[in-house]
Amino acid sequence: MSQAAVIDGKAFAADLRARVGVAAAAFEAKAGRKAGLAVVLVGEDPASQVYVRNKGKQTVEAGMASFEHKLPADTTQADLIALVERLNADPAVDGILVQLPLPKHLDEQAVVERISPNKDVDGLTPTSTGRLALGLPGLVPCTPLGCLMLLKDRLGSLSGKEAVVIGRSILVGKPMAQLLLAESCTVTIAHSRTQNLPDVVRRADIVVAAVGRPEMVKADWIKPGATVIDVGINRVPAAEEGKTRLVGDVDYAGASSVAGAITPVPGGVGPMTIAVLLRNTLVAAHRNAGVALEDQAL
Ligand code: NDP
């Protein structure tokens with residue numbers, strides 16, 4: 001049996017970051033300032049600290065300004081919202097990202113709702129999600145937009161394809177389904193209550209797995225030749241004692257012998273998320289400054 005082509009998200013993301021860098025320099029020349037991304041981190045969650053550090057580093061590498069706001073774990077809702085409002089009003093800031101999850105005592109939805117839709121580079125405000133549902137232009141969550149870019153790069157037109165999205169989160173599953181619908185796929189959204197999930201997935205020309213369960217999607221769930229996008233990032237024990245390794249939501253080794261193309265974990269969807277965040281920030285900067293974006297393909 002032939003092996004699936006590996007969809008190299010790492011290389012695609014590097015190329016996207018390079019294009020964003022070129023466009024960021026052009027923006028600075030025209031607008032007289034750099035595009036700016038503000039990232040807000042509340043508390044000391046180690047994974048979130050790594051994400052925020054990487055975002056800051058890649059923002060600067062792309063020629064944009066990075067503003068990091070680190071707040072203590074006991075920050076109040078009022079103080080956090082006051083910071084969001086200051087960033088909304090700051091003309092040097094084009095994108096605002098509040099790193100989730102927030103500590104339990106804070107109301108995430110209420111905080112996200114205060115982000116100006118013009119600066120909502122995570123695409124999570126009601127305005128952004130509503131515009132996506134209405135098919136209007138707007139800022140779209142980074143991970144699903146990254147998945148869509150990989151799919152279109154691989155398959156060209158997605159029109160008429162059967163797509164199954166496993167997972168219905170606000171961050172990944174739901175916006176992914178909306179994006180695929182906008183590309184004229186026939187979309188099924190599966191979740192924890194879906195019956196006969198393997199049979200549902202077997203229909204799919206395109207499978208997007210965003211579940212958070214290590215290697216749940218098995219080889220015999222995949223239609224031969226299907227394109228498989230694995231969003232999952234799960235840390236599991238490695239063969240060597242005391243070590244861990246990352247796996248996706250798909251049994252990669254098994255699925256590779258059936259699928260036409262598949263994203264690896266790591267090196268597939270993961271690197272796309274920050275690259276698309278930079279892209280979203282640059283798009284927002286152009287809109288906020290009233291400057292035309294030259295690279296229409298971005
Ligand atoms: P959530 O936990 O918010 O959502 C998981 C979804 O999976 C839910 O809709 C849930 O259904 C569904 N689900 C859970 N168990 C099953 C099951 N047995 N069968 C079918 N569906 C099931 O996760 P996220 O969407 O935020 O993330 C999903 C995965 O993607 C995680 O591994 C996360 O780490 C990863 N991720 C990766 C990113 C990247 O940059 N590559 C970015 C964001 C996430 P229900 O709604 O019914 O509970």
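Rule-based calculations on the coordinates, nothing more; no lab input. Model, not experiment: these values are computed from the prediction. When we count neighbours, we look across all protein chains shown, and the Cβ atoms used for this are built from the backbone with ideal geometry, even at glycine.
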Rank these for me by crowding, M176, M149, going from fewest to most other beta carbons within 10 Å.
M149, M176
Global geometry of the stretch 2-70, whether rounded, prolate or oblate, following the gyration tensor of its Cα atoms and the 1.5 cut on a/c:
oblate
Once both axes come from the Cα atoms, what is the angle between helix 46-61 and the longest principal axis of the chain, in degrees from 0 to 90, rounded to 10?
70 degrees
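Is the stretch 141-212 rounded, prolate or oblate when judged by the Cα gyration tensor, a ≥ b ≥ c being the square roots of its eigenvalues, rounded requiring a/c under 1.5 and prolate requiring a/b larger than b/c?
oblate
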Using a 10 angstrom Cβ neighbour count of at most 16 plus a DSSP loop assignment to flag exposed GluC sites (Glu not before Pro), which longest range of the chain is free of such sites?
114-239
Note the angle between two axes, namely the Cα long axis of helix 77-89 and the longest principal axis of the Cα atoms of the chain, as a number of degrees from 0 to 90, rounded to the nearest 10.
80 degrees
Provide the descending list of Cα extents for the stretch 44-122 along its principal axes, expressed in whole angstroms.
35, 29, 17
GNM flexibility winner over the chain from L139, L83, L124 (Cα, springs under 10 Å):
L83
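Using alpha-carbon pairs under 8 Å, 6+ residues apart, how would you state the relative contact order of the stretch 10-84 in percent?
Values: 71 pairs, mean separation 25.4, N = 75.
Taking the mean separation of contacting Cα pairs over the length of the stretch 10-84, I get 34 percent.
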Please compute one quarter of the surface area of the Cα convex hull for the stretch 214-298 and express it in square nanometres.
7.8 nm²
Radius ratio Rg over Rh of the stretch 66-177, counting only Cα atoms, Kirkwood formula for Rh:
1.03
Rg and Dmax of the stretch 110-156 over Cα atoms: what are they, in angstrom?
12.0, 39
Radius of gyration, Dmax [the stretch 1-136; alpha carbons; angstrom]:
17.0, 59
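Which value in Å is the Kirkwood Rh of the chain over different Cα pairs? The partial results should precede the final answer.
Numbers: mean 1/r = 0.0503 Å⁻¹.
Final number for the Kirkwood radius of the chain is 19.9 Å.
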Near G167, within a Cβ-to-Cβ distance under 14 Å, what is the net charge of the other residues, with Lys and Arg +1 and Asp and Glu -1?
+2
Whole-Å distance linking the alpha carbon centroid of the stretch 231-298 with that of the stretch 127-189 is 15 Å
Which of the three applies to the stretch 145-298, rounded, prolate or oblate, going by the alpha-carbon gyration tensor with a ≥ b ≥ c and a/c under 1.5 meaning rounded?
oblate
What is the helix-to-structure angle for 270-289, meaning the angle in degrees between its Cα long axis and the longest Cα principal axis of the chain, kept from 0 to 90 and rounded to the nearest 10?
40 degrees
